[in-house]
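Peer 1: Okay, handing you the structure first.
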Protein chains: 2
Amino acid sequence: MSVQAPYYAVIFSSKHSSETDGYEQMATRMVELAKAQPGFLGIESARGEDGRGITVSYWESLKAIQDWKEHGFHRTAQSLGKSKWYETFQVRICRVEREYGSDTRNGVDP
Amino acid sequence: MSVQAPYYAVIFSSKHSSETDGYEQMATRMVELAKAQPGFLGIESARGEDGRGITVSYWESLKAIQDWKEHGFHRTAQSLGKSKWYETFQVRICRVEREYGSDTRNGVDP
């Protein structure tokens, strides 16, 4: 699937705490659920050895982002993340204005 | 330093090739130069063991992003990145609409 800008991105930046119990299982489940949401376009993630990570998910609209934020199981995950897995985190809601790169289709490919 | 939205973000997603010679030195220099550019607000980066990385830089304006893209030494780095260090890469220019998180200042902190 390939989508042309404009579309939307959620940049989630975090630093893990020393508590990792249950995290991987929850993260895998969250990606599965996000992919099943209406308006989901793609997701990419990277985490270094220092525990700092960036996940960017891509969406068709602000409405799709809001719906995913309010998803019941996602809310549980957010709550656990805040209290347990993340030392710090920041969420940025963005409008993707344009893009370019080695992927000549210039779109989101989940 | 703390900045309120709206501001701009450049999401740079890449997959490293097997060629790493000179990369770390260039990446360090690029961050130093970016920080000295007018309109620079912050930068964050993560790369996993699979070679996939995400770097997000934050800027006051689209003009600041364009000026940095056209910076002479940065152009050299971009060219080397394409031909040598990156198997694939994608650049997305975004407008940050809003943010929230554990950083109660809700701003960019370089």
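Peer 1: What figure in square angstrom, to the nearest 10, would you give for the accessible area of B:THR88 with a 1.4 Å probe?
Peer 2: Here the residue's solvent-accessible area equals roughly 60 Å².
Peer 1: Calculate what fraction, in whole %, of the accessible area of region A:2-74 sits on carbon and sulfur atoms when a 1.4 Å probe is rolled over the protein chains.
Peer 2: Answer for region A:2-74: carbon and sulfur cover 50 percent of the accessible area.
Peer 1: While we're on this one: Taking the highest mean first, how do the peptides A:47-59, B:44-56 order by number of other beta carbon atoms within 10 angstrom per residue? Walk me through the intermediate numbers first.
Peer 2: Details: A:47-59: 19.2, B:44-56: 17.5.
The peptides rank, most packed first, as A:47-59, B:44-56.
Peer 1: Which of the residues in region A:1-34 show a loss of at least 10 Å² in accessible area from their chain by itself to the complete set of protein chains, at a probe of 1.4 Å?
Peer 2: At a threshold of 10 Å² (probe 1.4 Å), the residues of region A:1-34 that become less exposed are A:ILE11, A:SER13.
Peer 1: So, one more: Would you please state which residues of region A:6-38 a label at B:GLU49 would reach in this model, taking the label point 7 Å out along Cα→Cβ and a backbone N cut-off of under 19 Å?
Peer 2: Output list for this probe position: A:16-28.
Peer 1: Give me a comma-separated list of calculated 3J(HN,Hα) values for region A:87-98, in order, Karplus coefficients 6.51, -1.76, 1.60 applied at θ = phi - 60°, integers in Hz, x for any Gly or Pro.
Peer 2: 6, 9, 8, 9, 10, 10, 9, 10, 9, 7, 8, 6
Peer 1: How many Lys pairs in chain A lie less than 23 angstrom apart by Cα atoms, where the lysines are 8 or more positions apart or on different chains?
Peer 2: Values: A:LYS15/A:LYS69; A:LYS15/A:LYS82; A:LYS15/A:LYS84; A:LYS35/A:LYS63; A:LYS35/A:LYS69; A:LYS35/A:LYS82; A:LYS69/A:LYS82; A:LYS69/A:LYS84.
Count of close lysine pairs: 8.
Peer 1: Before we go on, tell me the buried accessible area for the B/A pair, both chains summed, 1.4 Å probe, in Å² to the nearest 100. Could you put the intermediate results ahead of the total?
Peer 2: On the way: alone 7270 and 7250 Å², together 11550 Å².
Counting both chains, the buried surface is close to 3000 Å².
Peer 1: Skip the ligands, DNA and RNA, and give the accessible area per residue of region B:13-110 with a 1.4 Å probe, whole Å². Numbers along the way, then the final one.
Peer 2: Working: 5230 Å² over 98 residues.
Here the per-residue accessible area is 53 Å².
Peer 1: Now for a separate question. Using unit Cβ charges (K, R positive; D, E negative) and no other charged atoms, how large, in debye to the nearest 20, is the dipole of the protein assembly as shown about its Cα centre?
Peer 2: Numbers: 28 positive and 30 negative charges, 107 e Å.
Computed charge dipole of the protein assembly as shown: roughly 520 debye.
Peer 1: With each label point set 7 Å from Cα along the Cα-Cβ vector, what nm distance links A:GLN25 and A:GLN78?
Peer 2: 2.3
Peer 1: Taking the square root of 5 times each eigenvalue of the Cα gyration tensor, what semi-axes in Å does the equivalent ellipsoid of the protein assembly as shown have, largest first?
Peer 2: Working: eigenvalues 144, 72, 71 Å².
Rounded to whole Å, the semi-axes are 27, 19, 19.
Peer 1: Average partner chain C-beta neighbours within 10 Å, per residue of A:78-88? Numbers along the way, then the final one.
Peer 2: On the way: counts 0, 0, 0, 1, 2, 0, 0, 0, 2, 1, 3.
Taking all residues of A:78-88 together, the mean is 1.
The values are calculated or read from the model by the stated rules, or taken from the named source; none is laboratory data. In this text, all values refer to a predicted model and were calculated from it rather than measured experimentally. No Cβ is skipped: glycine too gets one built from the backbone with ideal geometry, and neighbour counts run over all protein chains shown. With ligands, DNA and RNA removed, areas are computed over all heavy atoms of the protein, side chains included. Shrake-Rupley method; radii C 1.70, N 1.55, O 1.52, S 1.80 Å.
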